[in-house]
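The values are calculated or read from the model by the stated rules, or taken from the named source; none is laboratory data. Fair warning: this is a prediction, and the values are worked out from it, not measured in the lab. Because the Cβ atoms are built from the backbone with ideal geometry, glycine has one as well, and the counts that use them run over all protein chains shown. Note: areas computed on protein heavy atoms with side chains; ligands, DNA, RNA excluded. Shrake-Rupley method; radii C 1.70, N 1.55, O 1.52, S 1.80 Å.
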Amino acid sequence: MATAVLGLQWGDEGKGKITHLLARSALMVVRFNGGPNAGHTVIDRGVKFGTHLLPAGVFYSGVTSVLAGGVVIDLDVMRREYEEVARHLGHGPVLLLAENAHLILPYHRILEELEGSGSRFGTTRRGISPAYCDKIAHVGVRVGDLLEPEQLRERIAWRLDLLRREWPQCEELRDLDPTNIVRGQLELAEPWMGCIVDASRVVEQALATGDEVLFEGAQGALLDVDWGTYPYVTSCSTTFAGIGTSLGIEGSSIGSRMGVTKAYQTRVGEGPFPTELTDGIGASLRERGGEFGTTTGRPRRCGWLDLVALRYAVRLNGITELALTKLDVLEGLPTVKVCCAYRVGGETTDRFPLSGDRLAECEAVYEELPGWKDSVEADTWDELPVAAGRYVALIEEATGVPVGLVSYGPSPEETLRRPL
Ligand code: GDP
Ligand code: IMO
Ligand code: MG
């Protein structure tokens, strides 16, 4: 049995909570994309963690955690996070690193500042796009290179030389020393030198056991480098297709594709957002939902649920089941709105455009529904307030996919599961 957990919006849908919940009985949990730009909140036995690189299954002793080839790894972030989790658990979890995963090196963060993408696109400033650029331009450094330190030193010296010629005035680049970078990376990676693996084979073997293997996505479909709101996107494949390229497996054995969506919409960073609420309702969603970035602490922009975007994300991923999070945050509103179409150039359309600039021209067309005063905290589906139940049914109807999980709080217990 294999399940992919995939974000269907602009990230922060609650993938960490859902993966952690499903990982209890898993053999393996695999992070397949992104890097420490991700922030996945997990509440493990009452203690809150914001995980950036470690898969959310790392908290269970029976689980093997894997960082796959499509991830960009900052060893400093990984090691600090690992030590924090190990202190909490009282032992170090099993963590395998794909030999073809790329490393984020000290010059990547410097480059991101020099290129100005932090202010232009509102990136997380974690060196993500420079690390992926190096990968694509054949000048990246991979986890497996740590096993050949002399070659690694030469590779980094060559890359630094190129960068210094490109940015001759940059003192920070001038001050970097390849030997020190290699020494630093080897020190950080030391506990995992025996855990560098061909992740494709490891995952294939795990899938063959028939036990539960989870694939944890970072970011969300609308941030996908190819299919998101380009150029206001991240630098990798965030959709189901990313699993195949990250792991060198074809995805047909991953039958369950759980799409995670909030009951409303959020976005952190720049980019178009047709249902954004800049009024008091938006502010109250942010306040009630605690909508501040897990990685950067930035306030998240909030708005009504966008069903045009959700339908698109469901199609891109081949979603089989939805996990609807943060339904509690909408409690107490007299009415709730959902965007069911866009108006653009005098026409109404239900198509999600392929570029950020086209999306910026779209105006949301809303359907308004009655809200609910009562709490959505429920043990069974029938206990949901009637209007909340109708809201869930509308999402199912619009997407053609059943809602199998409703989340009404950050803790794992605050989840309602519907037997499908
Ligand atoms: P991820 O990146 O998709 O894992 O999501 P984040 O962890 O960045 O953001 C989700 C936030 O919502 C976190 O603070 C979670 O603790 C919180 N959260 C998750 N599910 C719920 C829910 O159903 N209700 C409420 N109120 N908070 C939730
Ligand atoms: P999780 O996994 C929300 C956004 C950034 C920025 C854009 C590009 O927690 O859902 P990057 O640093 O990736 O080059 O920034 O993507 N972004 C996220 N937004 N949640 C995330 O991850 C994000 N990862 C990147 O805010 O707009
Ligand atoms: Mg997040």
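Just how many % of Cα pairs in segment 228-376 lie over 25 Å apart, if you round to the nearest whole percent?
Cα-Cα pairs of segment 228-376 separated by over 25 Å account for 35 percent.
GNM on the chain, C-alpha springs below 10 Å: top fluctuator among Leu384, Leu223, Leu162?
Sorting by GNM fluctuation, first place goes to Leu162.
Compute the length gained on full extension between Ala393 and Thr349: take 0.36 nm times their separation in residues and subtract their Cα-Cα distance, giving the result in nm to one decimal.
Full extension from Ala393 to Thr349 adds 13.6 nm.
What aspartates and glutamates does Lys48 reach when the alpha-carbon gap must be under 20 Å and sequence neighbours fewer than 8 apart in one chain are set aside?
Asp12, Glu13, Glu81, Glu83, Glu84, Glu216, Glu287, Glu291, Asp328, Glu413, Glu414
Would you kindly state how much longer the chain becomes between Glu83 and Met193 on full extension, computed as 0.36 nm times their sequence separation minus their alpha carbon distance, in nm to one decimal?
Extending this stretch completely gives an extra 38.0 nm.
Picking from Leu152, Pro410, Gly297, whose Cα lies most toward the positive end of the charge dipole for the chain (charges on Cβ: Lys, Arg +1; Asp, Glu -1)?
Gly297
Return the percentage of antiparallel bridges among DSSP beta bridges fully within the chain, rounded to the nearest 5 %.
40 percent
Mean-square fluctuation check for the chain, GNM, Cα pairs under 10 Å: which of Pro410, Pro168, Pro402 is largest?
Between Pro410, Pro168, Pro402, it is Pro168 that shows the largest mean-square fluctuation.
How long are the semi-axes of the equivalent ellipsoid of the chain, defined as square roots of 5 times the Cα gyration tensor eigenvalues? Whole Å, largest first.
Taking √(5λ) for each Cα gyration eigenvalue gives 36, 25, 18 Å.
So what is the relative contact order of segment 262-417, in percent, for Cα pairs below 8 Å that sit 6 or more residues apart?
25 percent
Given 0.36 nm per residue, what is the gain on full extension from Ala283 to Leu147 after removing their alpha carbon distance, in nm?
That works out to 43.9 nm of additional length.
Using label points projected 7 Å from each Cα along Cα→Cβ, tell me how many nm separate Trp381 and Arg298, to one decimal.
3.9 nm
Pairs of alpha-carbon atoms within less than 8 angstrom and 6+ residues apart define the contacts here; what relative contact order does segment 68-225 have, in percent?
27 percent
Nothing charged except the Cβ atoms of Lys and Arg (+1) and of Asp and Glu (-1): what's the magnitude of the dipole of segment 262-417 about its Cα centre? Round to the nearest 20 debye.
That gives segment 262-417 a dipole magnitude of about 500 debye.
Give or take rounding to whole Å, what are the principal axis extents of the alpha carbon atoms in segment 24-136, in descending order?
Over segment 24-136, Cα extents along the principal axes are 42, 29, 19 Å.
Please give the calculated 222 nm ellipticity per residue for the chain, where each DSSP H segment of at least 4 residues contributes -39500 (n - 2.57) and the sum is spread over every residue; nearest 500 deg cm²/dmol?
The per-residue figure over the chain is -10000 deg cm²/dmol.
Counting Lys and Arg as +1 and Asp and Glu as -1, each charge on the Cβ, what is the dipole of the chain about the Cα centre in debye, to the nearest 20?
For this selection, approximately 100 debye.
Tell me the relative contact order for segment 102-190 as a rounded percent, counting alpha carbon contacts under 8 Å between residues six or more apart.
28 percent
For segment 355-420 and segment 104-123, write down the distance between their C-alpha centroids in whole Å.
With segment 355-420 and segment 104-123 each reduced to a Cα centre, they are spaced 37 Å.
Just the accessible area per residue of segment 262-417, please: how many Å² with a 1.4 Å probe?
43 Å²
Over the chain, with a Gaussian network built from C-alpha contacts below 10 Å, which listed residue (Val29, Val403, Val344) shows the highest mean-square fluctuation?
Comparing Val29, Val403, Val344 in a Gaussian network model of the chain, the most mobile one is Val344.
First compute the accessible area of the chain with a 1.4 Å probe, then give the percent of it belonging to carbon and sulfur atoms.
49 percent
For the pair Asn180 and Glu368, how long in nm is the line joining their label points, each one 7 Å along Cα→Cβ?
Rounded to a tenth, the inter-label distance reads 6.2 nm.
Can you run phi through the Karplus equation (6.51, -1.76, 1.60; θ = phi - 60°) for segment 227-233 and list ³J(HN,Hα) in whole Hz, with x for Gly and Pro?
After applying 6.51 cos²θ - 1.76 cosθ + 1.60, I find 10, x, 8, 4, x, 8, 9 Hz.
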